[in-house]
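Structure, as structure tokens:
The values are calculated or read from the model by the stated rules, or taken from the named source; none is laboratory data. Since the model is a prediction, treat every value here as computed from it, not as a measurement. Cβ placement follows ideal geometry from the backbone for every residue including glycine, while neighbour counts extend to all protein chains displayed.
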Amino acid sequence: MLYLVPTPIGNLEDITLRALRVLKEVSLVLAEDTRTSKRLLDHYEIKTPLRAFHAHNEHHVVERLADELASGANMALISDAGTPGISDPGFLLVRACVRRGVRVECLPGATAFVPALVASGLPSDTFHFEGFLPHKKGRQTRLKFLSALPHTFILYESPYRLLKCLEELSVHCGPERQACVARELSKLHEEVRSGSISELIAYFGAKEVKGEIVVVVGGTD
Ligand code: SAM
């Protein structure tokens, strides 16, 4: 059995009772960064052994791990923050498990895009999750595609590229399109700022941008 266990995106209280129980009961926790996850497990006094599972080794270890799971091991996969498989490793292992008939359970829990979308005030009935845009090749093609969507879309972005991203969105979507920047969700300096793209450029252009960021953009409708 493979469990995908969401971990907090900032506030350590954002972990479920079930997530804590599963992390205690499995024989192994697969973690993106074992040092980061060791701190998390120590905080909750969980002593389950950790093994590295990240973007750099995932292709090599996926088949072996899926074999171990198929022969009866119970493991949990966690990422540094939020839900594994959402802009984080997870998909390849889940696919290998599904192909072998290994049971996979993803626990409901923390992820950055849902609170950003819901707090943005932009329509949340239909939406497109894009995650990180490519830095160079293919970036403009994705922006062109996104700008034509009738519904809300969601990007993950680094604080260093936020302004560049908003300026590109202004070119593709127009400066009047409504958007929202959700920063440091669930943390001390949480900020959810909504407005037109041009208003957001003026606001974030006037200060040093820090922290983790989700950008939510309204659709053409
Ligand atoms: N697996 C995670 C999830 O379920 O949301 C996403 C991991 S991805 C590597 C990290 C990105 O998620 C950050 O660069 C940022 O865009 C977004 N993010 C994570 N934590 C956040 C937070 N507390 N506030 C705003 N955005 C956050």
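What to note about this one:
- Filtered residues of the stretch 187-221 (kept if in contact (Cβ under 8 Å) with a residue 24 or more places away in the chain, in contact with a strand residue (DSSP E or B) (Cβ under 6 Å, 6 or more places away or on another chain) and either in a loop (DSSP other than H, G, I, E, B) or over 24 Å from Asp125 (Cβ atoms) (or both)): Gly211, Gly218, Gly219
- Considering the stretch 115-135, the residues that are of a type in the set (Gly, Ala, Ser) and either more than 27 Å from Pro8 (Cβ to Cβ) or free of Cβ contacts under 8 Å to residues at least 60 places away in the same chain (or both) include one that is surrounded by the most Cβ atoms within 10 Å (Cβ to Cβ), namely Ser124.
- Reported count of residues in the stretch 171-186, each being more than 16 Å from the ligand (Cβ to nearest atom) and touching a residue at least 40 places away in the same chain (Cβ under 8 Å), is 3.
- Looking only at residues of the stretch 53-81 that are within 16 Å of the ligand (Cβ to nearest atom) and either of a type outside the set (A, V, I, L, M) or surrounded by fewer than 19 Cβ atoms within 10 Å (Cβ to Cβ) (or both), we find that the one that is nearest to Leu93 (Cα to Cα) is Glu58.
- Selection within the stretch 210-221: residues that are more than 10 Å from the ligand (Cβ to nearest atom), surrounded by fewer than 20 Cβ atoms within 10 Å (Cβ to Cβ) and at pLDDT 95 or above. The member of this set that is nearest to Gly10 (Cα to Cα) is Lys210.
- Taken over the stretch 114-148, residues that are assigned to a helix (DSSP H, G or I) and either touching a Cys at 6+ places or on another chain (Cβ under 7 Å) or within 25 Å of Pro6 (Cα to Cα) (or both) amount to 8.
- Annotation note: Cβ proximity below 6 Å between a residue of the stretch 136-155 that is at negative phi and loosely packed, with under 13 Cβ neighbours inside 10 Å and a residue that is at pLDDT below 95 and of a type in the set (Asp, Glu) (sequence gap 6+ or interchain) occurs for Pro150/Asp221.
- Criterion: on the phi > 0 side of the Ramachandran plot and out of contact with any helix residue (DSSP H, G or I) (no Cβ under 9 Å at 6 or more places or on another chain) - qualifying residue of Glu184, Glu190: Glu184
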